[in-house]
Amino acid sequence: MTATTGYLRPQTIDELLWALSAVGAGAKILAGGTDLMLAVRAGRAFETLINVSRIEALQEIALVDGQLSIGAGVTVARLLRSAEVRQAAPLLWQAADRFASPLVRSRATVGGNLCNASPAADLALALLASDAEVTLASRGGPRTLSVEEFILGPGKTALSPGEALLGVRVPARGRERFCRFEKSGSRPALEISVAAVAVALDFDGDAVVEPRLAYGAVAPTPLRGRGAEAAIAGRALSPSVIDDAVRAAVAEIRPIDDVRASALYRRRLVAALVRRCLLDAASARTRFRDVAG
Ligand SMILES: Cc1cc2nc3c(=O)[nH]c(=O)nc-3n(C[C@H](O)[C@H](O)[C@H](O)COP(=O)(O)OP(=O)(O)OC[C@H]3O[C@@H](n4cnc5c(N)ncnc54)[C@H](O)[C@@H]3O)c2cc1C
């Protein structure tokens with residue numbers, strides 16, 4: 001690979017898409033640089049870096065027709081300051097609240113977190129469990145994919161050459177929807193997840209409706225927990241149902257041993273985190289029923 005020789009700073013999405021198509025395979029988008037600059041420092045070189053931080057259209061957060069739209073260039077710090085994000089996308093807000101240090105939060109973006117495609121990407125995990133969609137665009141036009149379709153493996157996404165991620169759309173959650181993001185590293189927030197769990201669900205009476213569970217850092221991509229979802233859907237969160245969900249979760253994850261933890265430890269963490277989230281959901285339901293009389 002040749003050294004990085006070019007540097008572009010487009011001001012609009014049109015200029016960005018033009019630059020991607022003109023430079024071709026040697027182009028690399030630079031957002032906050034918290035992942036990319038580590039790679040550059042470790043010796044990776046790209047023909048041309050395209051810095052997207054001046055594109056205002058990528059910085060927007062807007063709630064329109066029950067959908068929260070978040071630009072790819074929105075930083076973690078901005079997510080945390082946004083009342084719309086906190087209300088309409090609480091899983092994403094909670095993930096931002098457990099993300100790195102203030103310094104990293106001020107640079108790291110939603111787009112970089114999705115496009116870096118780490119199995120431990122916290123925002124990607126929260127977006128997966130929130131049924132979010134990503135919007136991609138090239139000079140050929142835009143397209144929309146689910147987060148599950150977008151992240152294909154460690155460092156691998158569905159982005160085609162010449163394409164950029166413009167943003168995500170998250171269906172605004174109903175007021176009563178229970179949402180919980182739990183992450184475990186050796187410190188509570190400052191660190192990449194050893195394992196993480198995101199849970200969102202509604203209740204109809206005591207029965208769980210439309211559950212979403214997803215796991216981070218325990219498979220090649222953030223992973224939707226369809227087995228655990230099936231274990232709780234339509235049922236009250238009794239101790240035995242929670243046991244079923246924990247068993248299903250442990251059976252469907254695919255953790256590995258690495259420098260941060262063993263696969264066995266990650267299985268135990270996921271079991272504990274799923275149990276904690278579902279016990280919290282059950283007590284939130286009981287509190288709501290008591291208050292509602
Ligand atoms: C000390 C430290 C702590 C961290 N803690 C956490 C943590 O707690 N949780 C967590 O999830 N991550 C963590 N990270 C990882 C990193 O901060 C995040 O993944 C961050 O969201 C990346 O965003 P960025 O804007 O810095 O991306 P960049 O580094 O600029 O880019 C990352 C990748 O995305 C591509 N890209 C960026 N934007 C676009 C776009 N619009 N379209 C197409 N491609 C694009 C780039 O080309 C590159 O391949 C940490 C990193 C560090 C250094």
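Worth a mention:
- Some residue of the stretch 161-169 being closer than 23 Å to residue 235 by Cβ and either surrounded by 20 or more Cβ atoms within 10 Å (Cβ to Cβ) or within 11 Å of the ligand (Cβ to nearest atom) (or both): no
- Close pairs from the stretch 114-128: first near the ligand (Cβ under 9 Å from one of its atoms), partner part of a helix (DSSP H, G or I) and polar (S, T, N, Q), Cβ under 7 Å, at least 6 apart: 121/113; 123/113; 124/113
- Applying the set (1) out of contact with any helix residue (DSSP H, G or I) (no Cβ under 9 Å at 6 or more places or on another chain); (2) on the phi < 0 side of the Ramachandran plot to residue 65 leaves exactly one unmet item: (2).
- Residue count for the stretch 98-113, restricted to those that are among the hydroxyl-bearing types (Ser, Thr, Tyr), within 7 Å of the ligand (Cβ to nearest atom) and either surrounded by fewer than 24 Cβ atoms within 10 Å (Cβ to Cβ) or over 18 Å from residue 73 (Cβ atoms) (or both): 1
- Enumeration of residues in the stretch 264-293 that are surrounded by 13 or more Cβ atoms within 10 Å (Cβ to Cβ), of a type in the set (A, V, I, L, M, F, W, C), over 22 Å from the mean Cα position of the chain (by Cα) and at pLDDT 95 or above: 279, 282
- Considering the stretch 1-15, the residues that are exposed (fewer than 12 other Cβ atoms within 10 Å of the Cβ) and among the aliphatic types (A, V, I, L, M) include one that is modelled with the highest pLDDT, namely 3.
- Tally of residues being of a type in the set (A, V, I, L, M, F, W, C), touching a Leu at 6+ places or on another chain (Cβ under 6 Å) and at positive phi across the stretch 115-165: 0
- The residues on offer are 219, 198, 214, 228, and the sole one that is in a helix (DSSP H, G or I) and closer than 30 Å to residue 115 by Cα is 228.
- Some residue of the stretch 43-50 being more than 10 Å from the ligand (Cβ to nearest atom) and without any contact (Cβ under 8 Å) to a residue 24 or more places away in the chain: yes
The values are calculated or read from the model by the stated rules, or taken from the named source; none is laboratory data. Since the structure is predicted, the reported quantities are computational estimates derived from the model, not experimental observations. Neighbour counts are summed over all protein chains in view; Cβ atoms, including those assigned to glycine, are modelled from backbone coordinates with ideal geometry.
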